[in-house]
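**Q** Supplied in structure tokens, the structure appears directly below.
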Amino acid sequence: MTTTQLLILDIKGNSLDDGPGIRTVVFFKGCPIDCVWCHNPESKSNEVELSFDQTVCIGCDTCLEICHLDCLSRNNPYYIDRNTCDLCMECTETCPSGALSQVGKLMEIEDVVQLILKDKPFFETSNGGVTLSGGEPTFNMEKTSKLMQALKKEGIHILIETCGFFNLSKFKELIYPYADMIYYDIKIMDSVLHQQHCGVSNEIILNNFRELNRDYQRGGIKVLPRTPLIPGITDTIENIKGLVEFYHAEGVTKTELLSYNPLWHEKNLMIGMKNILSSDEKMTKFADVKQEQECRRIIFEAGIEG
Amino acid sequence: MKQAKSSMNLLTSLTLKLMASQFNLRPSLKKYLKNTDGWINFSIGIKTENGTVEQAMLFNDGRLKVLPYVPEDADAVMRFANDDVLKEMVKITPNEILNLVMKNKMILEGNMAYLQAFNFYISLIMGKKHMKMLEKAKLQEENSRKEEYGSDDLEISKEVNERNNYRMKGSAGEDPGVKHLEDPYLSAYSLDDFPRIKMQHEKYFASKPAISSERPWLLTEWFRENGFEDDKDGNPWFPELRQAYAYKYLMENKEVVIRPDSLIAGTCCPEDIAVVIYPDTTGTMIWGELNSIDKRILNPCTITEKTAAELHDIYPFWAKRITREWVRDKYNYPLSQKIDERAFASFNFKTVALSHTIPDLPTLVNEGTNSIIGRIKEQMNKLKKDETDKLKTLQSMIICLEGLNTYASKLAAEALKLANDETDPKRKAELNKLHEICNHVPQNPAKNIDEAINSLWICWIGLIMENNNVSLSPGRLDQLLQPYFESDMENITDPDEKKRYIEHVIELIACYFLRNGEQLNLVPDVANYLFGGSHAQTAITLGGVTPNGSDAVNDMTYIFLKVTEMLSMNDPNMNARYKVGVNSDTYLKRLCEVNFITVSTPSLHGDDAIIESFSQNSDVIEDVRDWGATGCVEITLSGKHMSHTGATSINIVAGLEMALNNGYHPLMNWHLGPETGKIETNDFKNFDEFYAAFARQIEFIIANTVEFNNMASEAYAYLRPTPLLSVAIQGAIENALDVTRGGAIYNTSGTFNIGLADVADSMMVIKKLVFEEKVITLQELKNAVDSNFENDPKLHAMVQNKVNRFGSGDDEAIDMANKVAGTIHSFYKSHKNYRGGDYTVGFWSVAQHVAYGSLSGALPSGRLAWQPFTPGLTPHPSASKSFLDNIRDVAKLNPMYMDNNIAFNVRLVPSAQDSREKTVDTMFSYVKTYFEQGGMQIQFNMINSAVLRDAMANPEEYKNLLVRISGYNAYFVNLNREMQLEIIERAEFGI
């Protein structure tokens, strides 16, 4: 990877739910934290991966013939022996159905900008722009900063979605000056539980938020804290009350609670990951409406717009 | 290969003999062998393709006779694929027989009217059995729909039916042409505020249309008395004059009707909702259905015994005076007609109607017929005495206008009579006013909006009585009516009275929509499949720019949009123009909101692309700026242009199939095209060579479709010249030439070309996988296509996944679509039409992407045999997950190749959680960007598949659910199952 290359999971145009207007979302690959429920598990690793989608495979066996390391097998529930596979990607090129595919692609910053510019006319008629998401867009701030600077030059509105686990001074230097809005994930208030479910303590995340939120209150760019409602993990009454307490202390008046979407479990299988939650029934179904309403009620009654 | 006669031959002979003896012996049947003109004589042959069966039935002077051979001069022959199809024929109802043609199981040759007559006679014997079969089939269909598509969610229809409950407000002051509306969106009003309209609207959707014989009966009466080819004295008629006299007789004798509560006088027919019959085009197509049309599954119509008897009596008079049959006789059944009648490679719409144009209503309304008669007389005075054709042509125009004036006077008398009998004072006053109005217009210039609308409606009735009610389009009515609206308003000072006047105008326009909707075009059962749900296609066009280029959006634009939203009717077909940089955001957002509320109307057009494109046909920019949509989407220069925009269609896919098979068409089992190279002997060394073969096949198809269209034009000029329409298109009076002969200022013919996306995608597969990447050979690809990919799932997956399609954002795929469009455009432009004008080229499909699809094999793109193509030129659903790619690619098509417009169908599914404002803003951004990028046309279906499936199962909940097919609107519940599923399978983009 050179200094002008980004590891991109995907670039999706026409997003209507990732900020104002019509937006193009750049999904970075690689994330510093490890949430067990991650909706984009294929975005966690900072490496290119090979993915296999059983539902698309037509069983033509072309890949079995082409693989020079014989690491594909129908007897393997994950299909790919990832210890042997050298990621040559020859099988993805010959797979006629697209069942085998490469996850993550190194792209020149300039090429990413050119792709985004195709959507610019839509940003202009909708007051939309680009949303940097992930993975984690701050995972490699130097490069992300270069992308943001190039986009700013084109007059494009930039929203950054972040997990908040970053070096603040670096963030203020490299990211903040070029962002127009921040969506900031605050997941679990209890630091032990945070460590347990997300792999890191929430201390840095909360501290960073305090700083950025104060800047916002002093006229800086808008920061919107957001919480995904994960059954039994983030949607507990304790956690929501903890959020309210934190928001009151920090003078936060607006948040967003994101409904749970269980459609991520198959994605784990595709990249050969086991996930303990996939056997948990409440995780594989859409969330209990009552619990979600209760969370929203608490936020509402605390005087916070949600 | 000829085979020996089979046992089926004997059985056929026995069956026909049984039929013959019934008619020969039973007086109750025998009476049908005769009409006013005498015995009905004709002959029908029955054959199988392999020679196992050959029989004929002779109808001769009141006797039926069975022949063991098909005579040379048989009027029509039914050629069945084999014995099995013939057996199947016995089990089906007459209305389904033409569907056998669509499935390519049977070929009909010869006079279609007599074939329908034969079906009629069969139905006389089989009638009761057929009824039972139809009822059973109908019940089965209803039940299977409930089983297959029914939903447990009883609330599912609620959201779409309640969209009208919330209405956005518009900002005032954004449109310079809006002078009086404080809220241009008129959000305060709904149908509930107009109880009289609501009642008429409810009645409209509760009524079944009736077949009307008034028009053809009166015309035939006149022709029987005065002759058709020759007059009473045996001298050949001058066709224009003959039509004019007959027309005048019709207008003098047709029933005058003023509907209860209507603010507009007159109707096209006496029946509440009427199907108008034109026996010289498609009228005889329901001869075989006269006894069953009320029982058929799709779009049934009522028919009285008297109407059925009248039609059976006049059809024999017309059987050889039909455009199609006239061509067959005169040109000895040319190849171009044979191709047309198999309906797989081209289909001529002129044999249905030539009325796809926009008459000059502004002149009729603003000037009045009396002054026009004066102008025609002046023109006659300028001519020399020996210029008899010109003199007769002009005289015909005057005769027609006199007929129209007589009709108006009779309406005035009827209004007075009704007023005298009326007890309700409000209605009495309205009727007295109608009496005054009809005494004044259309003879004289209209003075106010009531007179203007009544004048245009009376003229409209006049035009419909002359010409088929298929796609005759009123054009830019907001432009015509705004000056009347403004001058009326200037006379009102009291704000309450102003408000009441605006409400009155809404009611007036609603009355106009309802009256217009009361005349339907004829749909023979086969047309349920070819043009499912298609209707009279009265296209009204709103907005855009004026001839001098300024903003044309005005108060009336918004009033029309309000009525469109309130009534949600399939006809008139609403179209709106949008000019980037001139028309306001407020206006465009309103167009989006009305589309959301009504699900699918109006259709939206980009003025920049259209004006750029059509300028190739006119140097006068003011004329081009005054364009209006015609029929589905097509471009006509208002009032100056005999555009017959829906003249003929071709199936581009047929050209590709023939190129893959050296000129042979596999499904048709017919080697008709030029020999352009064999894949089997490796004749194509590179992509260009293969493309050249395709181009030659397309050239062949276009040459044939043009030839037949030009012949049909000649037939029209003789059988049904149109003096009244000629008055209403500028140039004809000055040239003293009927518009069917080229009298208009502009004289193009429009074509629509189907399967562009499917062919572009297929060409990309051939180019990339065969010739560039050399992953497969052309022979391998052809083998897979020939077997419908059944033996080659790997290749099938590859062609669908490994090549970028049109609509994916890939520049090469866009170039390919442009290349195919350019090829088609250049071939058409090398021909002239009968009137000396050019052909224009469009890429929209009515509903023929389904019909042509059902007669086409598998394609290199991976589309399987018999499946629909994409509608219009819409990208395939798998082209891209991002709707933005679709928008950009369609906008990048070269408008110069598309001077008869396009249809870009888009299905958007708004999120239930989003506010109306957010939904409208998103639609607005898509449309505005599309037009800024050079987009030509876009149309929406704002509905998700679950609701559409529910509508298939529970049609009663969705009576006026409008959907866009390709260019036109239809009520979803009136569509055949294949078309309903085709809409459900279209790409669905969530917003």
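**Q** Quick one: order B:304, B:681, B:598, A:236 by neighbouring beta-carbon count within 10 Å, fewest to most.
**A** In increasing order of surrounding Cβ atoms, one gets B:681, B:304, A:236, B:598.
**Q** Here's a follow-up. Please report, in whole Å³, the volume per residue of the convex hull around the C-alpha atoms of the range B:1-58. Display every interim value, and only then the final one.
**A** Numbers: hull volume 4.1 nm³, N = 58.
So the per-residue hull volume is 71 Å³.
**Q** Which number do you get for Rg(Cα) / (2.2 N^0.38 Å) in the range A:86-150?
**A** Normalised by 2.2 N^0.38 Å, the Cα Rg of the range A:86-150 equals 1.46.
**Q** Can you give the FRET efficiency to the nearest 0.05 for residue B:165 and residue B:199, using r as the Cβ-Cβ distance and R₀ = 22 Å? All intermediate terms of the calculation are to be shown ahead of the outcome.
**A** Working: r = 20 Å, r/R0 = 0.92.
Taking R0 as 22 Å, the efficiency between residue B:165 and residue B:199 is 0.65.
**Q** Just report the Cα centroid separation between the range B:109-166 and the range B:593-653, whole Å.
**A** 34 Å
**Q** Which three lengths, in whole Å and largest first, does the range B:157-248 cover when its Cα atoms are put on their principal axes?
**A** Projected onto the principal axes, the Cα atoms of the range B:157-248 cover 68, 38, 23 Å.
**Q** State the answer as a single residue: which of B:771, A:55, A:101 lies farthest towards the positive end of the charge dipole of the protein assembly as shown, with beta carbon charges of +1 for Lys and Arg and -1 for Asp and Glu, about the Cα centre.
**A** About the Cα centre, the residue reaching furthest to the positive side is B:771.
**Q** If neighbour count is taken as other Cβ atoms inside 10 Å, put B:658, B:8 in order from fewest to most.
**A** The fewest-first ordering by Cβ neighbours comes to B:8, B:658.
**Q** Relative contact order for chain A: what percent, with Cα pairs under 8 Å and sequence separation of 6 or more? Walk me through the numbers before you get to the answer.
**A** Details: 525 pairs, mean separation 57.2, N = 306.
Once divided by the residue count of chain A, the mean separation gives 19 percent.
**Q** Give, rounded to the nearest 20 debye, the magnitude of the charge dipole that chain A has about its Cα centre when Lys and Arg contribute +1 at Cβ and Asp and Glu contribute -1 at Cβ. Intermediate results must be reported in sequence, preceding the final value.
**A** Numbers: 30 positive and 44 negative charges, 168 e Å.
I would put it at about 800 debye.
**Q** So, one more: Sorted from largest to smallest, which semi-axis lengths in Å does the alpha carbon gyration tensor of the range B:645-803 give for its equivalent ellipsoid, taking the root of 5 times each eigenvalue?
**A** Largest first, the range B:645-803 gives 43, 15, 13 Å.
**Q** Going Cα to Cα from residue A:285, which lysines come in below 16 Å? Please leave out same-chain ones fewer than 8 positions away.
**A** Reachable lysines: A:267.
**Q** How do B:610, A:221 rank when sorted from fewest to most other Cβ atoms within 10 Å of their own Cβ?
**A** The order, fewest Cβ neighbours first, is A:221, B:610.
**Q** Hey, how much of the P(r) for the range B:793-897 falls beyond 17 Å, as a percent of Cα pairs? Intermediate results must be reported in sequence, preceding the final value.
**A** Numbers: 3387 of 5460 pairs.
More than 17 Å apart: 62 percent of the Cα pairs in the range B:793-897.
**Q** If you place +1 on the Cβ of every Lys and Arg and -1 on the Cβ of every Asp and Glu, how big does the dipole about the Cα centre of the range B:701-800 come out, in debye to the nearest 20?
**A** 120 debye
**Q** How tilted is helix A:237-250 with respect to the longest principal axis of chain A? Cα atoms for both, answer in degrees (0 to 90, nearest 10).
**A** For helix A:237-250, the angle is close to 50 degrees.
**Q** Would you be so kind as to identify which of B:383, B:396, B:429 lies farthest towards the positive end of the dipole of the range B:378-431, taking Lys and Arg as +1 and Asp and Glu as -1 on Cβ and the Cα centre as origin?
**A** Among B:383, B:396, B:429, the one farthest towards the positive end of the dipole of the range B:378-431 is B:383.
**Q** While we're looking at this one, here's another question. What relative contact order, as a whole-number percentage, does the range A:90-166 give when Cα pairs under 8 Å and 6 or more residues apart are counted?
**A** Numbers: 53 pairs, mean separation 23.2, N = 77.
After rounding, I find 30 percent.
**Q** How large is the translational diffusion coefficient of the range B:90-169 in µm² per second when you combine the Kirkwood radius over alpha carbon pairs with Stokes-Einstein at 37 °C and 0.692 mPa s?
**A** Diffusion coefficient, whole number: 197 µm²/s.
**Q** Still on this structure: For the cross-link pairs A:241/B:169; A:29/B:802; B:685/B:881, which exceed 32 Å when the distance is taken from alpha carbon to alpha carbon?
**A** Pairs exceeding the cut-off: A:241/B:169; B:685/B:881.
**Q** Over 25 Å between Cα atoms: which of B:17/B:138; B:158/B:959; B:17/B:320; B:384/B:829; B:129/B:959 fall into that group? Numbers along the way, then the final one.
**A** Details: B:17/B:138 31 Å; B:158/B:959 13 Å; B:17/B:320 27 Å; B:384/B:829 37 Å; B:129/B:959 30 Å.
Among B:17/B:138; B:158/B:959; B:17/B:320; B:384/B:829; B:129/B:959, the Cα-Cα distance tops 25 Å for B:17/B:138; B:17/B:320; B:384/B:829; B:129/B:959.
**Q** Separate question: Rounded to the nearest 20 Debye, what is the dipole magnitude of the range B:896-949 about its Cα centre when Lys and Arg each give +1 and Asp and Glu each give -1 at the C-beta?
**A** 240 debye
**Q** On to the next question. What whole number of Å gives the distance from the Cα centroid of the range A:120-142 to the Cα centroid of the range B:1-30?
**A** Computed from Cα coordinates, the inter-centre distance equals 77 Å.
**Q** Per the Kirkwood formula on distinct C-alpha pairs, the Rh of the range B:910-975 is how many angstrom?
**A** Numbers: mean 1/r = 0.0726 Å⁻¹.
It works out to 13.8 Å.
**Q** Considering only C-alpha atoms, what is the centroid distance from the range A:156-226 to the range B:367-391, in Å?
**A** 84 Å
**Q** What Kirkwood radius, in Å to one decimal, follows from the Cα pairs of the range B:627-695?
**A** Across the range B:627-695, the inverse of the average 1/r is 14.5 Å.
**Q** Once fully extended, how much extra length lies between residue B:681 and residue B:580, figured as 0.36 nm per residue of separation less the alpha-carbon to alpha-carbon distance?
**A** Stretched fully, the residue B:681-residue B:580 segment lengthens by 31.0 nm.
**Q** Hey, which of these cross-link pairs are over 21 Å Cα-Cα: B:128/B:295; A:152/A:172; B:589/B:928; B:350/B:832; B:232/B:350; A:44/A:172?
**A** B:232/B:350; A:44/A:172
**Q** Ok, one more. Say R0 is 56 Å: what FRET efficiency, to the nearest 0.05, do residue B:491 and residue A:118 get from their beta-carbon distance?
**A** Values: r = 54 Å, r/R0 = 0.97.
It comes to 0.55.
**Q** Could I have the simple spin-label model distance between residue B:39 and residue B:436, label points 7 Å from Cα toward Cβ, reported in nm to one decimal?
**A** About 6.3 nm separates the two model spin labels.
**Q** Let me ask another. With n ≥ 4 as the cut-off for DSSP H runs, can you work out [θ] at 222 nm for the protein assembly as shown, using -39500 (n - 2.57) per run divided by the number of residues, rounded to the nearest 500?
**A** Calculated at 222 nm, the ellipticity per residue is -14000 deg cm²/dmol.
**Q** When averaged across all projection directions, what area in nm² does the alpha-carbon convex hull of the range B:416-486 cover? Before the final figure, lay out the partial values.
**A** Details: hull surface 24.1 nm².
Computing the convex hull of the Cα atoms and averaging its projections yields 6.0 nm².
**Q** Rg(Cα) of the range B:539-640 divided by 2.2 N^0.38 Å?
**A** Scaled against compact globular proteins, the figure is 1.03.
**Q** Taking Rh as the Kirkwood radius computed over C-alpha pairs, what is the Stokes-Einstein D of the range B:617-658 at 37 °C in a medium of viscosity 0.692 mPa s, expressed in µm² per second?
**A** The calculation lands on 270 µm²/s.
**Q** May I ask for the equivalent-ellipsoid semi-axes of the protein assembly as shown, computed as the square root of five times each C-alpha gyration tensor eigenvalue and listed largest first in whole Å?
**A** So the equivalent ellipsoid measures 58, 39, 28 Å along its semi-axes.
**Q** Quick one: longest stretch of chain A between exposed loop GluC sites (Glu not before Pro), exposed meaning at most 13 other C-beta atoms within 10 Å and loop per DSSP?
**A** Segment A:155-306 is the longest.
**Q** Right, something else. From the gyration tensor of the Cα coordinates in the range A:202-306, what semi-axes in whole Å does the equivalent ellipsoid have, largest first, with each one equal to sqrt(5λ)?
**A** Equivalent-ellipsoid dimensions as semi-axes: 29, 18, 11 Å.
**Q** Taking all pairs of distinct Cα atoms, average 1/r, flip it, and tell me the Kirkwood hydrodynamic radius of chain B in Å to one decimal place.
**A** Its Kirkwood hydrodynamic radius stands at 29.2 Å.
**Q** Work from the charge dipole of the protein assembly as shown (Cβ charges, +1 for Lys and Arg, -1 for Asp and Glu, about the Cα centre) and give the residue of B:264, B:547, A:264 farthest towards its positive end.
**A** B:264
**Q** Here is a follow-up. Determine, from the Cβ-Cβ distance of residue B:152 and residue B:945 and an R0 of 22 Å, the FRET efficiency 1/(1 + (r/R0)^6), rounded to the nearest 0.05.
**A** Numbers: r = 16 Å, r/R0 = 0.71.
The value I calculate is 0.90.
**Q** While we're on this one: Which of A:169, A:15, A:259 moves the most in a Gaussian network model of chain A with Cα springs under 10 Å?
**A** A:169
Computed from the coordinates by the stated procedures, all read-outs in this text should not be read as laboratory data. Predicted model, so just to flag it, every value in this text is computed and none were measured. Backbone-built Cβ (ideal geometry, glycine too); neighbour counts: all protein chains shown.
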